[in-house]
Amino acid sequence: MKINIDLMGDKLLPMLLLTAAFMIGALLSYVWVIGYYVSLGLKVPEAPIIAVYNFSASADNPTYFIISVLNPSFSSGKAEIVDVKVLTSDGVAHQIAQINPPVPSDGFSINVGDSKTFKCFWRWSNYTGQQITIIVSVKNGSGGTLTTILPLVELRATSINIDPMHGKRFNMTITNSDKSAAGVDLSGVRTIVNGSVYAVDVEPNPPVRLEPGESAVFLCNWSWSNYQGSTITIILDTLQGYTVETTYKVPIYALLNISEVNFNPDNITCFNITVMNSNRSIIALKISDIKINIEDGVVLVPKNVTPSLPYTLSSGEEVRFTCELDWSEYCGKKVTIMISAEQGYKAYLSYRIPLIGEE
């Protein structure tokens, strides 16, 4: 029996020593933290103080991020979280309106030594790859901050190719950078010109998946020829919420002009129109149709045109068309005359049809 007691004694002593070591270690850790404050000439916090940590955000869903908030053991009491803000690199502070679990107006309590994880709903897609600072405010205490970098998703139009012979469409290559943290689904393309937004019909039809490092060529059906010489904005939209803007100056390839219009009151069965392909044009234009848009929405098309259509107009060349049309019903009305070429180029002229007998 004496042998068993000795054996128990042999085991008990190391256990007691280990327990004592743990207690001394915990005491030293506490003293070290307090000593840190003292070494800085600071007092141990008299008000609650928190730490923000464990930030996470998914590039697949840039509508929220997750943070954890700790009320450390050396805090003076429970912390009352009152709000969360995000300070972005442009200097704007964004208030997080939706948080889960909810933060009531009188604060969300975290006891000393406890931590809590919050899901913060905020669409950060416009700040992908940028540095942000998360600010968590505490009632009657010191708030916490965390500076971090949002996941990068870099989608861009790497090339835009315009064929002068096709004024109603262009090709665009879209690339998801190999540095992106996730794939994206292109959902649509838009253009902005002079403050107006236009939807662009693209092929292949969206959505189109682009993994990191992948590219795809899209045929964009949109009449760029109407905006030659203008700077346009091309917008790429994705299902994930990422939006990319690219500016592009449309080259001038061909200019079609209406230089003269003649409605002769002595002959109401026809009118004459003179059309010119500018000497600045780099291609010949094939005139395909002539139309008159009446102010009330009526569209008139001549029965016959001489010389006949389609008519090829070389660069710097001018032609006078005689258009068979009884226009007596529309005397005195304001109209828009439109000339179209097969390549998609157009010319417009506003005109008032004269009254019969008017000189």
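Just so it is clear, none of the values below were taken in a lab; they were calculated from the coordinates. What you are looking at is a predicted structure, and each value in this text was computed from that prediction instead of being measured. Neighbour counts are summed over all protein chains in view; Cβ atoms, including those assigned to glycine, are modelled from backbone coordinates with ideal geometry.
Remarks
- For the residue pairs LYS303/LYS333; LYS168/LYS333; LYS168/LYS334; LYS249/LYS346, the alpha carbons lie more than 26 Å apart in LYS168/LYS333; LYS168/LYS334.
- Each of ARG169, ARG190 was scored by other Cβ atoms within 10 Å of its Cβ. Arranged with the fewest first, they read ARG190, ARG169.
- Between PHE108 and ILE81, VAL82, the built amide H atoms are under 5 Å apart, and every one of these is 5 or more places off in sequence or on another chain.
- The stretch 210-263 and the stretch 275-345 have Cα centres spaced 25 Å apart.
- Computed E for THR247/GLU317 - FRET, C-beta separation, R0 22 angstrom, nearest 0.05: 0.05
- Cross-link partners for LYS286 among the aspartates and glutamates, with Cα-Cα distance under 15 Å and sequence neighbours closer than 8 places in the same chain left out: GLU317, GLU318, GLU342.
- Cross-link partners for LYS139 among the lysines, with Cα-Cα distance under 23 Å and sequence neighbours closer than 8 places in the same chain left out: LYS43, LYS78, LYS85, LYS116, LYS119.
- Crossing angle, helix 2-39 versus the chain [Cα axis fit, 0-90 degrees, rounded to tens]: 50 degrees
- 16 Å reach of a label modelled at LYS168, 7 Å along Cα-to-Cβ, counting backbone N of the stretch 175-207: 200-203
- Percent of Cα-Cα distances greater than 23 Å, calculated over the stretch 37-169: 44 percent
- Ordering VAL184, VAL301, VAL69 by the number of other Cβ atoms within 10 Å of each residue's own Cβ, fewest first, gives VAL301, VAL69, VAL184.
- The phi-based Karplus calculation (6.51 cos²θ - 1.76 cosθ + 1.60; θ = phi - 60°) puts the 3J(HN,Hα) values of the stretch 86-95 at 10, 9, 9, 5, 8, x, 8, 9, 9, 6 Hz, whole numbers, x for Gly and Pro.
- Point-to-point label distance, GLN95-TYR348, nm (Cα→Cβ direction, 7 Å offset): 4.4 nm
- Phi-based couplings in Hz for the stretch 284-295 (Karplus 6.51, -1.76, 1.60; Gly and Pro marked x): 6, 10, 9, 5, 10, 7, 10, 9, 10, 9, 7, 4
- The slack between SER328 and ASP296, meaning 0.36 nm per residue of separation minus the straight C-alpha distance, is 9.9 nm.
- Across the stretch 324-339, computed HN-Hα scalar couplings (Karplus, 6.51 cos²θ - 1.76 cosθ + 1.60, θ = phi - 60°) run 7, 6, 7, 9, 4, 5, 10, 4, x, 7, 7, 9, 10, 8, 10, 10 Hz from first to last residue, x flagging Gly and Pro.
- Point-to-point label distance, SER187-SER56, nm (Cα→Cβ direction, 7 Å offset): 2.5 nm
- Here P(r) over Cα pairs in 10 Å bins from 0, in percent was calculated from the structure, and among (1) 5, 26, 36, 25, 8, 0; (2) 5, 16, 15, 14, 12, 11, 9, 7, 5, 3, 2, 1, 1, 0; (3) 4, 18, 21, 15, 14, 12, 8, 4, 2, 1, 1, 0, 0 it sits at label (2).
- Placing dummy labels 7 Å off each Cα toward the beta-carbon, the span from ILE66 to THR158 is 3.4 nm.
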